[in-house]
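Input: one structure, supplied below.
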Amino acid sequence: MKILIAASEAFPFCKTGGLADVTGALAQVFSRAEDTEVVLFLPRYRNVGGGAFSLKAAGGSFLIPVGNRVETATMSRVQWGKVAVYFIENPKYFDRPGMYRAAGGDYEDNDERFLFFSRAVLEGAKFIGFKPDVIHCHDWQTGLVPAYLRTLYRIDSFYAKTASVFTIHNIAYQGMFPKETLLKAGFSWLDFTPERLEFYGGINFMKSALVFADLITTVSPTYASEIQYRPEFGHGLDGVMKHRTSDLFGILNGIDEEIWDPATDTFLERGYELKSFQRGKAAAKKALQNELGLEENKDLILAGVVSRLDHQKGLDVLLKLAPEFLDKLQFVVLGSGDPGLADALGALALQNPKRVAFRSGFDEALAHRIYGGSDIFVMPSRFEPCGLSQMIAMRYGALPVVTRTGGLKDTVYYNGEPKDSNGFAIDNPEAGELRSVLGHIVSLFGWRENWNLMVRNAMRGDYAWGKSAEAYLKLFNIAAQRRQL
Ligand code: ADP
């Protein structure tokens, strides 16, 4: 089967969050399955891969219509294991400091940047003669690909048998633009109806995908149900989702167990596994306290956070409570995003340098050390499509403290019985609930046997991609077969 993955980010080339981990991991696992050929398309942002990959020009250039202009796309390529990675180049659109935004906010031409990318993917695949059985698209940035296939490209024989599968990683980000974008994208006004591309007078890239993709997936079973049946989770698209109920599947994300392996993690002082986690984690905790100027004390509970700073993540609730727990807990937060939250975290750290450390920005190495050194990992999200951080934390023996929502609900078990629990969970991201679970954690931490039982449960979990990758491939087959009919 020929699989084309179109995404706006993929680890290790370009990453702002979990989306990149997932697209990168999927490309690799699909390519290792039997009888598959995988091509991954990404935009060529500035510093793709931090210079670690040497990209080769893929020859020639082609033109992409954008409204009544044309823009030039060129391509470069790198072979990444069995995956051929193609980068769509256009310096005006992609050679910028950020991937989606600058300090002042989202780039104003994000509609053009990603309609250009989506169309360049379809033209680029033709250019290299790669006729996919399935195009797997991810989130709004590639949401127009399924729409193009069924409108502008529906009579293109190259794509006559190509199916599209669209994966929702976060329905809160939809790519909503004014109706003028419809013309920039090259669609006709005939398609500007509520059943097709129109969305409250404008165009919504994610909705376009939900209407036109052959099959739709999202990243956990619980989120699949939340976005259909709970309007506060559907962000205005629950109605559209309900039309596609029989084509929507929740497939839980996995983590790359090679990248996230405490036994071989070179960012840690010393590796550890299930048998040796007590010594390994103690060393990682001490090193982290040292590195961040915190009090070196094994009896304090080290609470880690590695996260986008966004309302979604509920960290404002944690921030409110943190001062109450500073006699028992230390907080280490690595994150970037909301400047208000960053300022408040910075101020708390300044007032309590031995108990709170805040590092702003994106730091892969420090993230690894936080997972390794933390006793608990706090993620009181308001919603969480899947969440990778809690799975990484569990693999590293840091017990997650989560809200029962989306993928957090599907991966973290907490029922008051340590032997059946692998973390802690609350129903709502509210101060009262978080306070009481943190209180419970403080008392349980002294009860080593039970604590270690939970750590072992967490570390033993299966977070690999195996089963989920099989589920995707099965769906790809179904989607491809439907196109053959
Ligand atoms: P989301 O995709 O909503 O951001 P996930 O939990 O699915 O959240 O994935 C987050 C991923 O990004 C994890 O791999 C996490 O370690 C990483 N990450 C988030 N923020 C940072 C940061 N500031 N520095 C390094 N890694 C980060």
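Please report the net charge: other residues with Cβ closer than 11 Å to the Cβ of Leu438, K and R +1, D and E -1.
Overall, the nearby charge balance is 0.
May I pose another question? Less than 14 Å Cβ to Cβ from Lys92, Lys/Arg counted +1 and Asp/Glu -1: what total charge do the surrounding residues give?
Combined, the nearby Lys, Arg, Asp and Glu give -1.
Something else about it: Dipole of the chain (Lys/Arg Cβ +1, Asp/Glu Cβ -1, origin at the Cα centre): which of Tyr463, Ala283, Ala73 lies farthest to the positive side?
So the residue we want is Ala73.
Turning to a different aspect of this structure: Quick one: angle between helix 110-127 and the longest Cα principal axis of the chain, in degrees between 0 and 90, rounded to 10, please.
60
Counting pairs of alpha carbon atoms under 8 Å apart in space and at least six apart in sequence, what relative contact order in percent does the range 382-424 give?
Here the relative contact order equals 37 percent.
Within the range 36-135, list the GluC sites (Glu not before Pro) lying in a DSSP loop whose Cβ has at most 15 other Cβ atoms in a 10 Å radius.
When the GluC sites (Glu not before Pro) of the range 36-135 are filtered for loop state and at most 15 Cβ neighbours within 10 Å, Glu108 remain.
Same structure, new question: Counting other C-beta atoms within 10 Å, and keeping those with at most 16, which DSSP coil GluC sites (Glu not before Pro) do you find in the range 127-207?
Taking the range 127-207 and a limit of 16 other Cβ atoms within 10 Å, the loop GluC sites (Glu not before Pro) found are Glu195.
Spin-label point model (7 Å from Cα, Cβ direction): what's the Leu485 to Ala282 distance in nm?
6.3
Right, here's the next one. Give the separation of the Cα centroids, the range 50-124 to the range 332-348, in Å.
Between the Cα centres of the range 50-124 and the range 332-348 lies a distance of 32 Å.
What's the longest bit of the chain with no exposed chymotrypsin sites (Phe, Trp or Tyr not before Pro), using DSSP loop states and at most 12 other Cβ atoms within 10 Å as the test?
Answer - 201-446.
Would you please name the trypsin sites (Lys or Arg not before Pro) within the range 1-105 that are DSSP coil residues with at most 16 other C-beta atoms within 10 Å of their C-beta?
Sparse-neighbourhood loop trypsin sites (Lys or Arg not before Pro): Arg46, Lys82.
Could you check the spin-label model distance between Leu350 and Arg77? Points 7 Å from the Cα along Cα→Cβ, value in nm.
Result for the modelled spin labels: 5.3 nm.
While we're on this one: Express the carbon and sulfur contribution to the solvent-accessible surface of the chain as a percent, rounded to the nearest whole number, probe 1.4 angstrom.
52
Something else now. Probe of 1.4 angstrom, ligands and nucleic acids ignored: what's the accessible area per residue over the chain, in square angstrom?
40
Between the range 395-443 and the range 244-278, what's the alpha-carbon centroid distance in Å?
Spelled out, the Cα-based centre of one part sits 19 Å from the other.
Identify all lysines with a Cα-Cα distance to Lys286 below 23 Å; exclude those on the same chain that are fewer than 8 residues away in sequence.
Partners within reach: Lys275, Lys298, Lys328, Lys354.
To test your reading of the geometry: what angle, between 0 and 90 degrees and rounded to tens, separates the Cα axis of helix 466-484 from the longest principal axis of the chain?
Its long axis makes an angle of about 20 degrees.
So which lysines pass the test for Lys184, namely a Cα distance under 24 Å, with those fewer than 8 places away in the same chain ruled out?
Lys92, Lys126, Lys207
Let me have the relative contact order for the chain, percent, based on Cα pairs under 8 Å that are six or more residues apart.
With pairs under 8 Å counted, the relative contact order is 12 percent.
Turning to a different aspect of this structure: Taking 29 Å as the cut-off for C-alpha to C-alpha distance, list the pairs among Lys56/Lys467; Lys409/Lys467; Lys285/Lys467 that go past it.
Lys56/Lys467; Lys285/Lys467
While we're on this one: According to the square roots a ≥ b ≥ c of the eigenvalues of the Cα gyration tensor, what is the shape class of the range 409-465, taking rounded for a/c under 1.5, prolate for a/b larger than b/c otherwise, and oblate for the remainder?
Verdict is oblate for the range 409-465.
Kindly express, to the nearest 10 degrees and within the range 0 to 90, the angle between helix 364-373's C-alpha long axis and the longest C-alpha principal axis of the chain.
40
Ok, one more. Starting from the 7 Å offset along Cα-to-Cβ, what nm value, one decimal, do you get for the label separation of Glu180 and Ser443?
So the label points at Glu180 and Ser443 sit 6.2 nm apart.
Could I ask something else about it? Contact order normalised by length for the range 274-460, with contacts defined as Cα pairs under 8 Å and 6 or more residues apart; what percent is it?
21
How much length is gained on full extension from Glu291 to Arg460, taking 0.36 nm per residue of separation minus their Cα-Cα distance?
Going from the current span to full extension adds 58.0 nm.
When the Cα atoms of the range 387-485 are enclosed in a convex hull and the volume is divided per residue, what value in Å³ results?
Cα-based convex hull of the range 387-485, divided per residue, equals 109 Å³.
Under a point-charge model restricted to the Cβ atoms of Lys and Arg (+1) and Asp and Glu (-1), what is the dipole moment magnitude of the chain relative to its Cα centre, in debye to the nearest 20?
700
The values are calculated or read from the model by the stated rules, or taken from the named source; none is laboratory data. Note that the coordinates shown come from a computational prediction; the quantities given were computed from them, not determined experimentally. When we count neighbours, we look across all protein chains shown, and the Cβ atoms used for this are built from the backbone with ideal geometry, even at glycine. Ligands, DNA and RNA are excluded from the accessible area calculation, which covers all protein heavy atoms including side chains. Shrake-Rupley method; radii C 1.70, N 1.55, O 1.52, S 1.80 Å.
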